[in-house]
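Bear in mind these aren't lab numbers, they're just calculated from the coordinates by the rules spelled out. Just so it is clear, the structure is predicted and the values come from calculations on it, not from any experiment. Backbone-built Cβ (ideal geometry, glycine too); neighbour counts: all protein chains shown.
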Amino acid sequence: MHWSRERTQDLLARCLVESPADEIEAVFQAQDYGLTRFAGSTIHQNMSEEDAMVAVRVAFGQQLGSFATNQLDTEGLRGAVKRAAEIARLSHPTPNFHGFCQPMQPGKVNGEVYFPATAEVDAAGRANRAADVIQTAGKAGFEAAGAVSNGVYVCAVATSRGQNVYQAETRSHGLTVVNRPGEAGFGTGYAEWYGRDFDKFDPFSLGQQAVDISVLNHDPAGIEPGNYAVILSPMAVGLLLFYLSWMGFHARSVQSGQSFLIGKKNKLVLSDSISIWDDGLDGSGYAVPFDWEGVPKQRVDIIQDGLARDVVYDSFTAAHDACRSSGHCLSPVRDQYYSSPLPSNLFIAPGGASKEELIASTERGILIEHLWYVREVHYGNTIVTGMTRDGTFLIENGRITRPLCNLRFTQSIAEAFRSVQMVGRDLHLAEQFIGVSVTPALKVERFNIAGISTF
């Protein structure tokens, strides 16, 4: 990808000079992404995608209009600005708009965000890692499905008030699901890895993690619905944390009367063993030091030792509360299902327990390795429903005794996190629907199992 800082800033500058409006903001994002898929222990797809787009937003007073295009020649940029201006003139004023971002210097990310070797990985490089995963599964008598990916991502924001920020980053990913040959979907084990440095992706370890789960996950039995002590893997915790964040950790959820944190500042809302924060400068996540308005990101301590502290803001929600944005505006081309702002680099503080110690401490309970098809039920009560997948096991007297059928759960996340008894020490980075999470395993005292599947 050739979107250097100079080329990107020149492109955005051409947008700014085209504007007839009082103010203009231009946002750029690009990706050069490659993906290799495999199933039945056979690589069946190599694909790549390269795209770049500009979204412009203009203001006549408090009348706003926006338009996005991936036609990046002079005609395309001029047309985008013109259409944004036409939309703005037809729009009602936005009371909480007080101008685009002024010049502000973002902080420095703690850690490298761009690895040239990751950017240079081609289809053959991805296929070699996929083959290593397949080989690991095959040696254990299993077949593997999954994917390996790598990419370069560029984002930049420029405003007519003088803000101008840019970042290029790399990301890579590997995942696999293994099962006995010819039994896809049954007795599966799942593992995943995310990171910026493709050289740190260990396909043999990934494959072995999935194999170790699948070895145990055969001939499952049912279990009666009810409340159980549950050990949630770091992957499962990360997904639940995303839903908890979406339902309650941002200013819009508070201002709309939906957040479970309303009226609870400095009060105990979760277990005192739980601390949650968002930090766009922590390189152990996928850190970007500014948001999609160009505002520098600030660390926000959301839950501190179980106590409710702060929520995240963009410029509009900050204006509503007469405070400053924390740098958490979402992309202008985000999935519209999610309302800005949102945390995008979430962390839960680790504890001191190994996975073995979490299991050994459990007299009777359930180990959940993976969740899927999770959906929200009630925002204010943070209730979600979903299914377990790829390894659910009964624990008795501190030992895994048998696999369980996949389970349906309906549970308040906040209630589960209030009943945390132990926190794992190992952290897992994972992409979520928006942003990433870095989370440990959790042992919770009460988790509501509502039903079981037939497999």
Self-check item: Candidate values (i) 38, 27, 19; (ii) 40, 31, 23; (iii) 41, 28, 17, label of the one derived for semi-axes √(5λ) of the Cα gyration tensor in Å
Solution: (iii)
Quiz prompt | In sequence order, calculated HN-Hα J values of the stretch 274-291 (Karplus, 6.51, -1.76, 1.60; Hz; x Gly/Pro) | solution = 10, 10, 10, 8, 10, 9, x, 10, 7, x, 6, x, 9, 6, 10, x, 9, 9
Quiz item: With θ set to phi - 60° and the Karplus curve 6.51 cos²θ - 1.76 cosθ + 1.60, what are the ³J(HN,Hα) couplings of the stretch 193-200 in order, to the nearest whole Hz, using x for Gly and Pro?
Solution: 9, 10, x, 7, 9, 4, 5, 8
Quiz item: Roughly what would the spin-label model give for residue 10 and residue 445, points 7 Å off Cα along C-beta, in nm?
Solution: 6.4
Quiz item: Taking Cα centroids, how far is the stretch 336-395 from the stretch 426-455 in Å?
Solution: 2
Quiz item: Dipole size in debye (nearest 20) for the stretch 314-437 around its Cα centre, Lys and Arg Cβ +1, Asp and Glu Cβ -1?
Solution: 180
Self-check item: Dipole-positive endmost among 230, 286, 242 within the stretch 205-315 (Cβ charges, Cα centre)
Solution: 242
Practice problem: For residue 139, list the lysines whose Cα falls under 23 Å from its own Cα; do not include residues on the same chain fewer than 8 positions away. | Solution: 200
Quiz prompt | Nonlocal Lys pairs with alpha-carbon distance under 28 Å, the stretch 226-452 (8 or more apart, or different chains) | solution = 7
Exercise. Using Cα centres only, tell me the gap between the stretch 211-278 and the stretch 56-124 in whole Å.
Key: 33
Quiz item: Roughly how big is the stretch 217-327's charge dipole about its Cα centre, with Cβ charges of +1 (Lys, Arg) and -1 (Asp, Glu), in debye to the nearest 20?
Solution: 360
Practice problem: Can you tell me the dipole magnitude for the chain around its Cα centre, using point charges on the Cβ only (Lys, Arg +1; Asp, Glu -1), in Debye to the nearest 20? | Solution: 780
